[in-house]
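K.L.:
One structure is given below, represented as structure tokens, and several questions about it will come after.
The values are calculated or read from the model by the stated rules, or taken from the named source; none is laboratory data. The model shown is predicted, which means the values in this text are computed figures rather than measured ones. Ideal geometry is used to build each Cβ from the backbone, glycine not excepted, and the neighbour counts take in all protein chains shown. Just so you know, the surface numbers come from the protein's heavy atoms only, side chains and all, with ligands and any DNA or RNA stripped out. Shrake-Rupley method; radii C 1.70, N 1.55, O 1.52, S 1.80 Å.
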Amino acid sequence: NPYAGLVSHLRASWLSGKTRPMEYRVAQLEALGRFLDDKKQQIMDATASDLGKAPFETELSEILMCKNELHETLSNLSRWMKDEKVDRILAVQLDSAFIRKDPYGVVLIIAPWNYPIHLFLVPLIGAIAAGNCAIIKPSEVSKKTERLVAEALPSYLDKDCFAVVTGGVQETTRLLENKFDYIFFTGTPSVGRIVMTAAAKHLTPVTLELGGKNPCYVSDTCDVTNVARRVAWGRFFNAGQTCIAPDYLLCTLEMQEKLLPALQKAINDFYGPNPRESPDFGRIVSAKQFQRVQRLLGSGRVAIGGQTDEAERYIAPTVLVDVQPSDPVMQEEVFGPILPIIIITSVDEAIDFINSRERPLAVYAFSSDDKVVNRVLERTSSGGFCGNDTMMHVTLPSLPFGGVGNSGLGTHHGKFSFDTFSHPRGCLKRGMGQEPLNAPRYPPYSQRKFGIIQAALKMARVSDCTLL
């Protein structure tokens with residue numbers, strides 16, 4: 001296997017204990033911060049070339065949010081690393097019981113192309129903070145960014161403990177043949193199954209950050225202008241190539257008639273009368289992805305947008321109406337600048353529609369009535385939830401980010417990244433003396449001995465009580 005030597009080298013470094021001291025972890029995390037500072041312009045140039053991404057969007061999603069993760073981690077790392085004391089039963093009251101946060105070892109991070117810096121760097125922050133060695137596999141689809149990461153990142157990190165591997169499906173397949181101690185994958189459910197199958201051969205734990213069709217319910221009682229602006233921003237940011245973008249709208253026919261002119265105005269306000277000429281609207285990453293998204297335009301009827309240019313990989317911000325649940329645009333994650341609208345008659349019908357499909361990465365609900373938002377929250381299941389806005393929940397390092405069911409397995413961001421890449425090791429340290437206290441557990445057994453052991457090991461249920 002072409003990567004066996006690399007994995008063995010990193011494993012030897014991890015077994016040496018090199019990555020465990022807090023000072024080492026801090027130094028490597030600070031190096032990531034310097035990478036973001038020093039290579040900021042190159043990152044902007046690379047993402048502009050790969051995705052037509054506006055500098056504003058790159059600085060927000062690829063740099064600022066990564067720095068927030070770094071600052072959150074560096075500010076709290078010493079506290080996160082401390083042993084966690086736990087309650088003790090009578091039998092071990094004189095002893096020390098705690099949870100040690102152990103690194104897993106050598107971890108593999110496989111990143112996608114849509115946020116080619118953010119989606120490898122944020123998990124890497126967690127892996128380093130937890131004391132692991134790591135191999136990073138950036139996506140070959142975002143070619144310029146892959147080259148930048150492969151050429152620049154190794155000069156900032158310890159080469160004995162961290163490495164970048166490039167290539168496509170064949171290289172990733174060979175890489176996955178190796179035994180890793182943890183695998184963190186971001187991508188589609190279909191590839192996630194392949195990764196999980198490969199991991200199962202070595203009993204390797206995984207985090208799978210997958211996609212899904214994120215529903216967005218809009219009630220009849222809301223500020224239509226605000227809804228249109230917030231939905232349009234979430235749907236068309238990065239030309240719609242965002243795993244947590246609102247994938248389709250659910251609303252009544254009356255609300256659709258109000259939303260369409262509001263959405264048209266929001267698109268005009270954001271990108272001008274011709275978004276193709278806007279410096280703030282991106283492009284589809286590849287010809288293959290362009291053709292896939294373009295085919296989805298055949299669903300329903302185009303109410304807004306619909307223009308395409310294959311040479312530029314341009315698809316206009318588009319809204320589809322008269323969409324049926326059986327249409328192609330409702331059978332896969334859109335992952336492009338297309339927003340289908342599905343007509344429902346009530347919030348209960350919207351909830352039933354959401355619950356009839358695979359569980360998504362995010363659910364969005366808009367209403368001036370907080371009871372309606374809470375109803376959607378309480379009666380649906382998803383990786384995350386955001387009421388009266390889109391995508392903003394992902395900006396909080398204090399919230400876990402991850403999927404459920406078909407949209408993923410496991411979480412990260414902030415302390416959740418540290419926890420993901422840490423094995424919680426249960427530890428009990430006892431003294432060598434006081435041996436008579438252990439005598440009741442040893443044979444020969446008797447009912448009297450069992451009574452003593454039962455009293456020493458028993459956990460009583462704590463009941464709530466009210467002081468009058």
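K.L.:
Counting just the Cα atoms, what span does the stretch 165-286 cover along each of its three principal axes? Round to the nearest Å and put the largest first.
P.N.:
55, 34, 18
K.L.:
How compact is the stretch 215-403 by the rule of thumb for globular proteins, expressed as Cα Rg over 2.2 N^0.38 Å?
P.N.:
So the Cα radius of gyration is 0.96 times the expected 2.2 N^0.38 Å.
K.L.:
Grab the beta carbon distance between Arg448 and Arg379, set R0 = 45 Å, and tell me the FRET efficiency rounded to 0.05.
P.N.:
Working from the Cβ atoms, E equals 0.25.
K.L.:
In debye to the nearest 20, how big a dipole does the stretch 215-403 give about its Cα centre with +1 on each Lys and Arg Cβ and -1 on each Asp and Glu Cβ?
P.N.:
Result for the stretch 215-403 is approximately 420 debye, rounded to the nearest 20.
K.L.:
Where the accessible area of the chain is counted over protein heavy atoms with a 1.4 Å probe, how much of it, in %, is carbon and sulfur?
P.N.:
The C+S portion of the solvent-accessible surface of the chain is 55 percent.
K.L.:
If you line up the Cα atoms of the stretch 351-468 on their principal axes, what length do they span on each, largest first, in Å?
P.N.:
Projected onto its principal axes, the Cα set of the stretch 351-468 covers 67, 43, 33 Å.
K.L.:
Going by alpha carbons, how many degrees (0 to 90, nearest 10) lie between the helix axis of 370-379 and the longest principal axis of the chain?
P.N.:
60
K.L.:
Run the 1.4 Å probe and let me know the accessible area of Ile452, rounded to the nearest 10 Å².
P.N.:
That residue has around 70 Å² of solvent-accessible surface.
K.L.:
Taking the solvent-accessible surface of protein heavy atoms with a 1.4 Å probe, what is the per residue accessible area of the chain in Å²?
P.N.:
I get 46 Å² per residue for the chain.
K.L.:
Same structure, new question: How big is the convex hull of the Cα atoms of the stretch 157-199, per residue, in Å³?
P.N.:
95
K.L.:
Rounded, prolate or oblate: which fits the chain, taking a ≥ b ≥ c as square roots of the Cα gyration tensor eigenvalues, rounded meaning a/c under 1.5, else prolate when a/b beats b/c?
P.N.:
oblate
K.L.:
On to the next question. Report the semi-axes of the equivalent ellipsoid for the stretch 197-267 in whole Å, largest first, where each axis is √(5λ) for an eigenvalue λ of the Cα gyration tensor.
P.N.:
36, 13, 8
K.L.:
Given the pairs Lys39/Lys143; Lys40/Lys159; Lys39/Lys159; Lys67/Lys137; Lys258/Lys288; Lys213/Lys288, which are separated by over 24 angstrom at their Cα positions?
P.N.:
Lys258/Lys288
K.L.:
Calculated from DSSP H runs of 4 or more alone, at -39500 (n - 2.57) each and per residue, what is the 222 nm mean residue ellipticity of the chain, nearest 500?
P.N.:
My calculation for the chain gives -12000 deg cm²/dmol from helical runs alone.
K.L.:
With an 8 Å Cα cut-off and a minimum separation of 6 or more residues, compute the relative contact order for the chain in percent.
P.N.:
In percent, rounded to a whole number, it is 19.
K.L.:
So, one more: Using a Förster radius of 30 Å, what is the FRET efficiency between Leu94 and His423 based on their Cβ-Cβ separation? Nearest 0.05, please.
P.N.:
Efficiency for this residue pair is about 0.65.
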